[in-house]
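Participant: Here it is, the structure in full.
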Amino acid sequence: MVSRVRVWLNRTYAENVFFMDQLRRNPSDRAVEIHATHGDPDSPVLAAADTAELEPEGLSPAAYVEYALTQCERRGIDVFVPRLHQSAIVAHRAEFEAAGTALLAPPPEAVAVFEDKVVAYQAVESIGVPVPPWWRVRGADELLIAVEELERMGHRACFKPASGAGGVGFRMITREPFGLSQLRGFPGPQVPLDLVLESLRRAEEPVDWLVMPRLEQPEVSVDCLTGPDNRVRLAIGRTKHGRRRGFTLHEQWLEPARRIAEGFGLHHLSNIQFRMLGDRPVLMDVNTRPAGGLHQLAQCGVNVPWAAVRLALGDDPGRIEPPFLGQDYTVVSGPRPLLPVTVPRRRTESPAVTGTLDALPAQATPVEPRAASGALQ
């Protein structure tokens, strides 16, 4: 009898319910059980998991590593897919391996390169991958210099945190004064330069921003699966142009992505994003984790989450070529059941979790495991 595989996803994106679905629909005869933890009791990943817990708040990275090791030992986790505190966790890979848990994440050296976008741009440029012009900015005077230089080059300036993910903090600079045009319709990412400069001059501490040109579409996210030998097993590009999505195997996107994944040892799953600067692709960002849209590669006939779990367990899937490329598509949202909410009740101690969600906070009542694990493709 083939043993089950126990996989843990910590504080991950809601869209990774699809990652979980694909693990359960793997083509082998191995059962997969999924443990999930999150800081939000209404996260869909908690409801979609076989077992789940609400994560403690306020833990330092070191304390979170201890929490994670305890989870792995108590839950019998075979494969841990860390998102929160990834860099601290991978630094303790040997301790997780001693507990019987494989980390589906790159080594600490690779994670460190791509935590800081400035360091990342310098590193990839050194191996010949094109990057946009950029400035690291910590105050008003530096910002003004960067914006004026970009405008002199014919670009529109934008900025984002030097360390961050998911587009948080991204803004586009405009010279248009603040007025009714910014108050019509939905809020947008545009901010007047004079207001940004004024805010920086009033700030009590410096910012840490990356200032660069506004890059053009198409945006191409290359999902890579890389082995511990630094060789890419799979690379497929997902294209985005407005609401239209598609797939590509064109080497202008895949070749620089493979160069980055192999050159920096981005073992297991990574996501490398490009956009256009004029008529050439340039690097936009590198994520050392599975992308939220990874499940969309199912439209190309591949189950990448399962291939990644196999690789983490030492069962090398070999080179994976998609049997076909899916047609262009668009993304629409769909409902996912959540845990029922009841009248809050006091807890005097932390209960053990045995296949249900009874370790969530007092307002959440237990539900049957996998109550929300239906596929939504």
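The values are calculated or read from the model by the stated rules, or taken from the named source; none is laboratory data. No experiment lies behind these values; they were computed from the predicted model shown. Every residue, glycine as well, gets a Cβ built from its backbone with ideal geometry; the counts of neighbours run over all protein chains shown.
Participant: Of the numbered conditions (1) small (Gly, Ala, Ser); (2) at positive phi; (3) at pLDDT below 95, GLY154 satisfies every one except a single condition; which is it?
Facilitator: Checking GLY154 against (1) small (Gly, Ala, Ser); (2) at positive phi; (3) at pLDDT below 95, the one that fails is (3).
Participant: Restricting attention to the stretch 210-234, and to residues there that are outside any loop (DSSP other than H, G, I, E, B) and among the charged types (D, E, K, R), which single residue is surrounded by the fewest Cβ atoms within 10 Å (Cβ to Cβ)?
Facilitator: Step one: filter the stretch 210-234 for residues outside any loop (DSSP other than H, G, I, E, B), giving 210-213, 216-226, 232-234.
Subsequent filtering for residues that are among the charged types (D, E, K, R) retains 216, 219, 223, 233.
Numbers: GLU216: 12, GLU219: 18, ASP223: 24, ARG233: 21.
Per the stated criteria, the residue is GLU216.
Participant: Same structure again: Looking only at the stretch 143-156, filter to residues that are out of contact with any Ser or Thr (no Cβ under 9 Å at 6 or more places or on another chain) and touching a residue at least 40 places away in the same chain (Cβ under 8 Å); which one of those is farthest from GLN190 (Cα to Cα)?
Facilitator: Taking the stretch 143-156 as the starting set, the residues that turn out to be out of contact with any Ser or Thr (no Cβ under 9 Å at 6 or more places or on another chain) are 143-155.
Filter again for touching a residue at least 40 places away in the same chain (Cβ under 8 Å), leaving 143-144, 146-147, 150, 153, 155.
Details: LEU143: 15, LEU144: 16, ALA146: 17, VAL147: 14, LEU150: 16, MET153: 20, HIS155: 15 Å.
If we take residues in the stretch 143-156 being out of contact with any Ser or Thr (no Cβ under 9 Å at 6 or more places or on another chain) and touching a residue at least 40 places away in the same chain (Cβ under 8 Å), then MET153 is farthest from GLN190 (Cα to Cα).
Participant: Could you name every one of the strands (runs of 3 or more DSSP E) located completely within the stretch 98-190 that has at least 2 residues being under 22 Å from the mean Cα position of the chain (by Cα) and within 20 Å of ALA291 (Cα to Cα)?
Facilitator: Once the strands (runs of 3 or more DSSP E) in the stretch 98-190 are filtered for at least 2 residues that are under 22 Å from the mean Cα position of the chain (by Cα) and within 20 Å of ALA291 (Cα to Cα), what remains is 157-161.
Participant: Step by step: first the residues of the stretch 31-69, then only those that are of a type in the set (D, E, K, R) and crowded, with 16+ Cβ neighbours inside 10 Å, then the one that is nearest to ALA88 (Cα to Cα). Which residue is that? Step through it out loud before you land on a result.
Facilitator: Taking the stretch 31-69 first, the residues of a type in the set (D, E, K, R) are 33, 40, 42, 50, 53, 55, 57, 66.
Still in the running and crowded, with 16+ Cβ neighbours inside 10 Å: 33, 50, 53, 55.
Numbers: GLU33: 25, ASP50: 26, GLU53: 21, GLU55: 16 Å.
Checking each candidate, the answer is GLU55.
Participant: Among the residues of the stretch 199-209 satisfying the criterion of being without any contact (Cβ under 8 Å) to a residue 12 or more places away in the chain and outside any loop (DSSP other than H, G, I, E, B), which is surrounded by the fewest Cβ atoms within 10 Å (Cβ to Cβ)?
Facilitator: ARG202
Participant: Filter the stretch 1-13 down to residues that are touching a strand residue (DSSP E or B) at 6+ places or on another chain (Cβ under 9 Å) and surrounded by fewer than 20 Cβ atoms within 10 Å (Cβ to Cβ) and give me whichever is farthest from LEU297 (Cα to Cα). Steps first, please.
Facilitator: Residues of the stretch 1-13 touching a strand residue (DSSP E or B) at 6+ places or on another chain (Cβ under 9 Å): 4-12.
Then drop every residue that is not surrounded by fewer than 20 Cβ atoms within 10 Å (Cβ to Cβ), which leaves 4, 11.
Working: ARG4: 24, ARG11: 22 Å.
Only one residue fits best here, namely ARG4.
Participant: Hey, can you tell me all the residues within the stretch 266-294 that are out of contact with any Leu (no Cβ under 9 Å at 6 or more places or on another chain), aliphatic (A, V, I, L, M) and part of a strand (DSSP E or B)?
Facilitator: Once the filter is applied, which keeps residues that are out of contact with any Leu (no Cβ under 9 Å at 6 or more places or on another chain), aliphatic (A, V, I, L, M) and part of a strand (DSSP E or B), the stretch 266-294 yields only LEU283.
Participant: Of the residues LEU225, LEU197, LEU215, which is over 30 Å from GLY314 (Cβ atoms) and touching a helix residue (DSSP H, G or I) at 6+ places or on another chain (Cβ under 9 Å)? Break it down stepwise before answering.
Facilitator: On the way: LEU225 fails: over 30 Å from GLY314 (Cβ atoms); LEU215 fails: touching a helix residue (DSSP H, G or I) at 6+ places or on another chain (Cβ under 9 Å).
Only one candidate passes the filter, namely LEU197.
Participant: Run down PHE274, PHE264 and say which single residue is at pLDDT 95 or above, touching a Pro at 6+ places or on another chain (Cβ under 6 Å) and either of a type outside the set (Ser, Thr, Tyr) or farther than 11 Å from ASP223 by Cα (or both).
Facilitator: Values: PHE264 fails: touching a Pro at 6+ places or on another chain (Cβ under 6 Å).
None of the other options fit; the residue is PHE274.
Participant: On to the next question. Only one residue in PRO133, PRO161 is surrounded by fewer than 17 Cβ atoms within 10 Å (Cβ to Cβ), closer than 15 Å to ARG214 by Cβ and either of a type in the set (Ser, Thr, Tyr) or out of contact with any Ser or Thr (no Cβ under 6 Å at 6 or more places or on another chain) (or both), so which one is that? Show your work before the answer.
Facilitator: Working: PRO161 fails: closer than 15 Å to ARG214 by Cβ.
So the residue among PRO133, PRO161 that is surrounded by fewer than 17 Cβ atoms within 10 Å (Cβ to Cβ), closer than 15 Å to ARG214 by Cβ and either of a type in the set (Ser, Thr, Tyr) or out of contact with any Ser or Thr (no Cβ under 6 Å at 6 or more places or on another chain) (or both) is PRO133.
Participant: Let me ask something else. Just the residues that are in contact (Cβ under 8 Å) with a residue 60 or more places away in the chain, under 21 Å from the mean Cα position of the chain (by Cα) and over 18 Å from ARG75 (Cα atoms), please, taken from the stretch 25-47.
Facilitator: PRO41, ASP42, PRO44
Participant: Here is a further query. List the residue pairs whose Cβ atoms are under 9 Å apart, where the first residue sits in the stretch 69-91 and is under 18 Å from LEU313 (Cα atoms), the second is polar (S, T, N, Q) and in a helix (DSSP H, G or I), and the two are 6 or more positions apart or on different chains.
Facilitator: Listed by first residue and then by second, the contacts come to ILE77/GLN71; PHE80/GLN71; VAL81/ASN16.
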